[in-house]
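Data first, discussion second: the structure below is written as structure tokens.
The values are calculated or read from the model by the stated rules, or taken from the named source; none is laboratory data. All values reported here derive from a predicted model rather than from experimental measurement. As a convention, Cβ positions derive from the backbone with ideal geometry for all residues, glycine included, and neighbour counts pool all protein chains shown.
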Amino acid sequence: METKSIETLFNSKPDFEDIRKENGDAFWWARDLMRWLGYDDYNKFLKVINKAIQVMMSLNIRHQDNVFYINRDIEGKLVEDAKLTRFACYLTAMNGDVKKEEVAKAQVYFIEQTRQFELLIRTQDQVERIATREELKEANTSLNSTAKRAGLAFDGYANFTNAGYLGMYNKMNFQLARDRGIKKDDLLEHMGKTELAANTLRAAMTEDRIKNENLYGQQQLEQAHRKVGELVRNTVKEATGKYPEDLPQEPKLPEVKKELKSLGKEMKKLDEKKSDKKKK
């Protein structure tokens, strides 16, 4: 049983290395990390951890090797908790609420830490891009499934997709790709977090409209997609001062993922070295 309560532990405002544990391998308790990042509700914090897991899955990294759920004895009471690797802590911090001072400081800490590995990942936006890209993938899959049930023609997918692009960008996907000097299939891979989120909103709102208005047939589906695209276009303009087609492009996501996988390996090596020194 642990002798120190979490309240006592965090009254001293420890740094990240202070809450590190050893049990053969280095790990951090999720509830300790939660407090370090300024969260006080474990169930809400689990949503942040789940985003980190989503990123790992996108990287084809076994999340079970980085997040291990277990019951933990705290002052004689069993509570749900999880053991996290340094990499899992990093991804969790990068997906945290940056409005929290603790999260902002943690992100600075981890970004500074990555400098020793000479990698290109410098901001939380690159990590959040991966999670947002996965959300868009899920939203598009759900939208297309709903559209299919609502009478989307067998050969009408391309026109349905471009109806959304026309509304949101005033141009079709191949025209947008041409203007950006990239391949059509790479459009989503170069979008920044804001643009990806806007497209996720476009997909979700279109699906809701199809369901709520009981739309059916190719023409109604395309009209709905284009109309929602126009609404999102205006929202982006109002929020950012730019239309979607003018938003800045980012490094191709597969390159960012490769960097993140390398970072995970380097962080594991770092803790192995720390553990070896502690044993000596």
Within segment 54-76, does at least one residue satisfy the condition of being buried (at least 19 other Cβ atoms within 10 Å of the Cβ), basic (Lys, Arg) and touching a residue at least 24 places away in the same chain (Cβ under 8 Å)? no
When the residues of segment 16-36 are filtered to those that are at pLDDT 95 or above and aliphatic (A, V, I, L, M), which remaining residue is surrounded by the most Cβ atoms within 10 Å (Cβ to Cβ)? Ala30
Taking only segment 247-258 into account, find how many residues are surrounded by 13 or more Cβ atoms within 10 Å (Cβ to Cβ) and part of a loop (DSSP other than H, G, I, E, B). 4
With the requirement that a residue be touching a residue at least 60 places away in the same chain (Cβ under 8 Å) and aliphatic (A, V, I, L, M), what does segment 247-258 give you? Leu253, Val256
Determine whether Val98 is under 12 Å from the mean Cα position of the chain (by Cα) and surrounded by 13 or more Cβ atoms within 10 Å (Cβ to Cβ). no
Within segment 77-89, residues closer than 23 Å to Met267 by Cα and surrounded by fewer than 19 Cβ atoms within 10 Å (Cβ to Cβ) come out as none
Can you pull out every residue in segment 218-246 that is touching a residue at least 24 places away in the same chain (Cβ under 8 Å), closer than 25 Å to Ile182 by Cα and surrounded by fewer than 17 Cβ atoms within 10 Å (Cβ to Cβ)? Glu230, Thr240, Tyr243
Does segment 123-144 include one or more residues that are assigned to a loop (DSSP other than H, G, I, E, B) and within 14 Å of Gln218 (Cβ to Cβ)? no
Those residues of segment 17-68 which are closer than 17 Å to Leu260 by Cα, among the charged types (D, E, K, R) and not in a helix (DSSP H, G or I) amount to Arg62
Which residue is surrounded by the most Cβ atoms within 10 Å (Cβ to Cβ), if the candidates are limited to segment 101-115 and must be charged (D, E, K, R) and free of Cβ contacts under 8 Å to residues at least 40 places away in the same chain? Lys105
